[in-house]
Structures are given as structure tokens and as C-alpha cells.
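In what follows, a single structure is set out as C-alpha cells and then discussed.
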Amino acid sequence: MTEDHLVVTDIHKSLGALAVLKGISFTLKPGEIVSLLGHSGSGKTTLLRAVAGLETPELGSITMGGESLLDSNTGINLPPERRGLGLVFQSYALWPHRTVFDNIAYGLALRKTPQHQIKARVEEVLAKIGLAGLGTRYPHQISGGQQQRVALARAIVYRPPVLLLDEPLSNLDAKLREEARIWLRELIQQFNLSALYVTHDQVEAMAVSDRILFLRNGTIQQQGTPEDIYLQPTSAVSAEFMGVNNILSGEVIIKDGTAVLTGAGWRLAGQLRGASTDQTITAKGFFRVERSRLCSKEGSNSIEVDVLRSVFLGERYEYVLRLAGVSLRAWGVKRLDPGRYWIDMRPEDVWIFPD
Ligand SMILES: Nc1ncnc2c1ncn2[C@@H]1O[C@H](COP(=O)(O)OP(=O)(O)O)[C@@H](O)[C@H]1O
Ligand SMILES: [Mg+2]
């Protein structure tokens, strides 16, 4: 069971006149949870629907455990019900006039599972989602968070080889969503399932998945572990999508292997990422707000900034900064008086991407 489970190869899909997926390839290993992360409109839902069999790509192939689900060369295209994948969508409407038990049992009954097995399996799932004893309730008698668990249980109960989830937590309020991304991952792992998980929320993607595919305009811009994607962006768009960033535009001068970004009255040494050249070129420097420390003195690699305001956010203060007309931010633990400060950066925390 070390081979790839789901293999998606060179998927192309247009909707109307728009090329939505432009050659997407990736794999999913048994037990792996992979997120499709990207801005709204980047093609996440279309890709998930193509895997589910709800969209037919013009080109490409999909195999599952070696079996062909889709092959544009041979014309194979299994309908959704023959792919056996478990789907959980954003609008997880439960049947209002069926009990929690019957909502979960429905998929098993459709699959003609014997009655005694249905009971055992539904009860096992109910216990694992923390709803043991609530099977006789109706959806309106349980909370929104519990309804979301039932929706998930409905897909998990027949043990699909791969669970396909499209923004499954977006109907929950912020607090429930934060809890849900923890139990959701644990639940998927407890049942030894693999999952393809669509979200536009980077924190959710990092918390839930083993690997992230960052989608942009129908292509995979970058893929890797949450740490790879967050800490080692390979492009300006990846850097900008993840985290909270300070961004400075300037000219980059490369000297003796060191890149220095310069602007009106400031210079900052950083790490050159992307095309390297010995000429002066325009570039953007990215540095994460959590790495941007304010000091009252100039440092070895610092920029002088004006602190305009300190905003109290509860667990920290956010400082609103200004450098040559550009707005920057930093965080800290105390209120600062407006005035002049320096941000001192380690060069490895400043990523310079040539334009
Ligand atoms: N039925 C459709 N007809 C035409 N364009 C569509 C259709 N569905 C989605 N699109 C377009 O395809 C692009 C990708 O959509 P989608 O896969 O839903 O993105 P995401 O889930 O990442 O927000 C968007 O530009 C969207 O407007
Ligand atoms: Mg979507």
C-alpha cells in the first residue's frame, strides 16, 4: 500500500469560454490528506468535481488504486456512483424529516448493506463523531456544529477510499471552525481514509492537511507540506498568498552572492528567490509581519520606519508603520508612542522576487 492511491494526470477543463483547469497533475497516497488551496475562482471546486465525476474534463486521466476512472484517450469516464468516493459539500443539507441515524444510514441502505451491519456501522460513526445517543434526534434538535459532523459521518460511514470535501466548514462560525479543523483531521485519520480537501482558508489548509496544492488560475503554482508552502514560497504569488506580509518594491543589486533591495532612502539585504542576474532589476521584497521586529536603534540590516499607531488586538498590538509612502506592519506586546523606529531583519527572512 505504498503506491499512489489517486493519480490525476494532466486535467484540462473549460467551462463556457473559460479554461478553468489548465493541465493539473497530482497524486494522493493512502491515508494522506491533501488540500486544494487558492483564491476564489482558482478552479478548486471544478477540480474536485472532476475527480468526483461531476465534471468531464476535455483532456486527462484519473486512476484510483490502478483502476481507470477517466481517460480522455480511451473514452473511459465512470459516473460518480461508480467511483465510490465520499462527497461533503459546503451546503451539507441534512434531510430535515429524517433522524440523525437515518441521515447517516441512508447511504448504506442505498448500497444494500444488511440491516444489522447498518446499525453497527452508524453507531460506530456516531460514537466517533461524539454524538453517541443522539441518533434519534432530528437535525433541528442538534447544533450547527453537530449537523456538520453528521454531514461528514454520512460520507464516512461507507468507508470511501477517498473523501472529497469542498469548503466543508465554511457554514460554521469562526470558533467552531477552529475546533472543527482539529477533529476533522483526527476523524479522517481514525477511519484510515485519504481526503482531498478544498478550502480558500490557508490556516485551515495548514491545520487539516499533510500536503497543500496551491492553485492559481487553473494551474498548480506550488505544492508541498504546510511548512514548505508557508516558509519556502517559490514565487511572489505564493509568498503573498500565505501569511501576513510586508511588501516593498525596489531595485535589487546582486553583489558577491548577496541581494540588496533598495528604495528611496532605504536598503535591505535579503535572499534572492527566482531568476538570478547580475544586473540591477526591479523586484519585490516580502517579509512576514511576525518576523518584523521593531527596535529603537538601527541594526545591521534595518529600515527606518514611522510608527503611526498602535492598535490593541487582545493578544498583541499591531503597529501601523510608514516607510516612504508605503504602509507596513509589525506586532508586539506593548503600546508604542508614535515616532521613529527601525525594523531589523535577518536577510534570510527577506525574500526578494524579481518582477
Ligand atoms: N458552470 C460554469 N460556467 C462557466 N464558468 C464557470 C462555471 N462554474 C465555474 N466557473 C468559473 O470557473 C472558475 C473556477 O471556478 P471554481 O472551480 O468554482 O473555483 P473555486 O472553487 O476555486 O472558487 C471561476 O472563474 C468560475 O467563475
Ligand atoms: Mg469553490
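Throughout, read-outs are computed from the coordinates displayed, never taken from laboratory work. What you see is a predicted model, and the numbers here were worked out from it, not measured in a lab. Backbone-built Cβ (ideal geometry, glycine too); neighbour counts: all protein chains shown.
Residues with beta-carbon under 11 Å from that of N301, excluding N301: net charge, scoring Lys, Arg +1 and Asp, Glu -1? Could you put the intermediate results ahead of the total?
Numbers: positive: R267, R346; negative: E298, D344, E348, D349.
Summing Lys/Arg as +1 and Asp/Glu as -1 gives -2.
Using all Cα-Cα distances in region 244-354, what percent lands in each 5 angstrom bin from 0 up to the longest?
For region 244-354, the binned pair fractions read 2, 13, 23, 24, 17, 11, 6, 3, 1, 0 percent.
For the chain, list log₁₀ I(q)/I(0) at each q in 0.08, 0.14 Å⁻¹, using the Debye formula over Cα point scatterers of equal strength and ignoring solvent, two decimals each.
These q points yield log10 I(q)/I(0) values of -0.52, -1.11.
Quick check on the chain: helices-only [θ] at 222 nm, where DSSP H runs of length 4 and up contribute -39,500 (n - 2.57) each and the sum goes over total residues. Nearest 500, please. Intermediate values should be presented prior to the final figure.
Working: 9 runs with 87 residues, N = 355.
Calculated mean residue ellipticity at 222 nm is -7000 deg cm²/dmol.
For region 54-125, state the average projected area of the convex hull of the C-alpha atoms over all orientations, rounded to one decimal in nm².
Values: hull surface 27.0 nm².
Average projection, Cα convex hull of region 54-125: 6.7 nm².
Just how many pairs of Lys in region 6-236 have C-alpha atoms closer than 25 Å, counting pairs that are eight or more places apart or on different chains?
For region 6-236, the number of qualifying lysine pairs is 10.
Work out Dmax and Rg for region 1-160 from the C-alpha atoms and quote the Rg first, both in angstrom.
17.8, 51
Under 16 Å Cα-Cα from K297, which aspartates and glutamates qualify once same-chain neighbours fewer than 8 residues away are excluded?
Qualifying aspartates and glutamates at Cα under 16 Å: D306, D337, D344.
Counting only C-alpha contacts under 8 Å and six or more residues apart, can you give the relative contact order of the chain as a whole percent? Mind dumping the intermediate values first?
Numbers: 748 pairs, mean separation 52.7, N = 355.
Rounded, it is 15 percent for the chain.
When only DSSP loop residues count, what GluC sites (Glu not before Pro) in region 268-355 have their Cβ near at most 13 other Cβ atoms within 10 Å?
E298, E315
For a distance above 18 Å, tell me the whole-number percent of Cα pairs in region 291-351 that qualify. Each step should come with its number before you reach the end.
Values: 541 of 1830 pairs.
Everything past 18 Å amounts to 30 percent.
Once you charge only the Cβ atoms, +1 for Lys and Arg and -1 for Asp and Glu, what is the size of the charge dipole of region 6-236 about its Cα centre, to the nearest 20 debye? Present the calculation step by step, with values, prior to reporting the outcome.
Working: 23 positive and 21 negative charges, 126 e Å.
Using only the charged Cβ atoms, the result is roughly 600 debye.
Note down the net charge around A205, summing +1 for each Lys or Arg and -1 for each Asp or Glu among other residues with Cβ under 15 Å from its Cβ.
Details: positive: K44, R177, R181, R185, R211, R216; negative: E32, D166, E167, E178, D201, E204, D210, E227, D228.
Value of the local net charge: -3.
On average over all directions, what projected area in square nanometres does region 128-284 have, based on the convex hull of its Cα atoms?
Details: hull surface 50.3 nm².
Average projection, Cα convex hull of region 128-284: 12.6 nm².
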